[in-house]
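Take a look at the structure below.
The values are calculated or read from the model by the stated rules, or taken from the named source; none is laboratory data. These figures come from a predicted structure and were not determined experimentally. Quick reminder, even Gly has a Cβ in these numbers, built from the backbone with ideal geometry, and neighbours come from all protein chains shown.
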Amino acid sequence: MKLLSINSGDHLSLGVKIDDQWVLDVREALETVPAPGIPVDTTELIRGGAEALERLRLYVERVSEDRTPSYFKQESDISFGACVSEPSKIICIGLNYRKHAEESNAAIPTTPVVFSKFSNTLAGHGEPIPLPVKVSSEVDYEVELAIVIGRKTKEVAVEDALGHVFGYSCANDISARDLQMRTSQWLLGKTCDKFTPLGPYLVTADEIPDPNQLSLQTTVNGEIRQRSNTSDMIFRCDEIISYLSQHMTLLPGDVILTGTPEGVVLGQPADRRVYLREGDAVVIEIEGLGRLSNRMING
């Protein structure tokens, strides 16, 4: 299933993508066709586990025979929220593509480079991203595959790790490089408001049999800046989940960003770096997961 968050202003509702045109607004549908145990947002769905997902599947089948009710929305009319809105943790893996490490003149990591972001950084597909112009002039893009954990995970073996995944999404790990490089800790440059657009969809794991064989790319104003495949990861998705779970308990809804490939602005020679500016349209695309688009504005 392809799931999404519908931003209605005062709340987020669970949406289910029916086809290229239509989305089912589950919260609104339940007002007309009530049913017990049906989650109304992605957080509730993820925390409800496999049983909640199966109830949702059956409900969608039940109400999808007729597309005329108002709870079916044209996708083009929807305002999106971040497809996961309440993660207890946003965990990031740095320098996890060989060619990106090489363009950054960094040593190939022998263990995952781990840092974090916070929920203030979350943004939805189509949401304007404010450039923090008062404190930074070097804002960069990073296409990343996002893993969303589906159940409590502690000390899981590599071979079992993907069984703990609820789904996958596109993410843009927006980074203020001048703030990031100010100290040895990257946190400040990674955690400005809305610096983690996530979506448009949360695609359930059954639709992505091998997350380490996905093409991905970034365009800025239509120009391709990044183009790679998750097969270039140094640490695979299952290895990342297992490694993190040895050190901390992963909870349903936790988001893991798995690193970015080569092609970021920081990887260019210093005299050729053109960082993001007001009006720039950044589109993140990952095979099977859709296209995440955001425009930069001055904050």
Report yes if some residue within segment 16-28 is of a type in the set (D, E, K, R), in contact with a strand residue (DSSP E or B) (Cβ under 7 Å, 6 or more places away or on another chain), under 25 Å from residue 212 (Cα atoms) and not assigned by TED's automatic domain parsing to the domain that holds residue 146; otherwise report no. yes
Condition met for residue 256 (over 30 Å from residue 155 (Cβ atoms) and in contact (Cβ under 8 Å) with a residue 12 or more places away in the chain): no
Please determine whether any residue of segment 112-135 is within 15 Å of the chain's Cα centre (by Cα), part of a loop (DSSP other than H, G, I, E, B), basic (Lys, Arg) and in the same structural domain as residue 241 (by TED's automatic domain parsing). no
Residues to consider are 257, 216; find the one that is within 30 Å of residue 52 (Cα to Cα), modelled with pLDDT of 95 or more and under 17 Å from the mean Cα position of the chain (by Cα). 257
Please verify whether residue 199 is out of contact with any Gly (no Cβ under 9 Å at 6 or more places or on another chain), in contact (Cβ under 8 Å) with a residue 40 or more places away in the chain, among the small types (Gly, Ala, Ser) and over 20 Å from residue 250 (Cα atoms), treating the condition exactly as stated. no
What about residue 242, is it over 25 Å from residue 127 (Cβ atoms), of a type in the set (S, T, N, Q) and crowded, with 19+ Cβ neighbours inside 10 Å? yes
From the set of residues in segment 146-179 that are of a type in the set (Gly, Ala, Ser) and within 18 Å of the chain's Cα centre (by Cα), which is nearest to residue 267 (Cα to Cα)? 175
Considering only residues that are over 23 Å from residue 3 (Cβ atoms) and among the polar types (S, T, N, Q), look in segment 107-129 and name the one that is surrounded by the fewest Cβ atoms within 10 Å (Cβ to Cβ). 110
I'd like to verify a number: residues in segment 264-288 that are under 19 Å from residue 171 (Cα atoms) and assigned to a loop (DSSP other than H, G, I, E, B), how many? 6
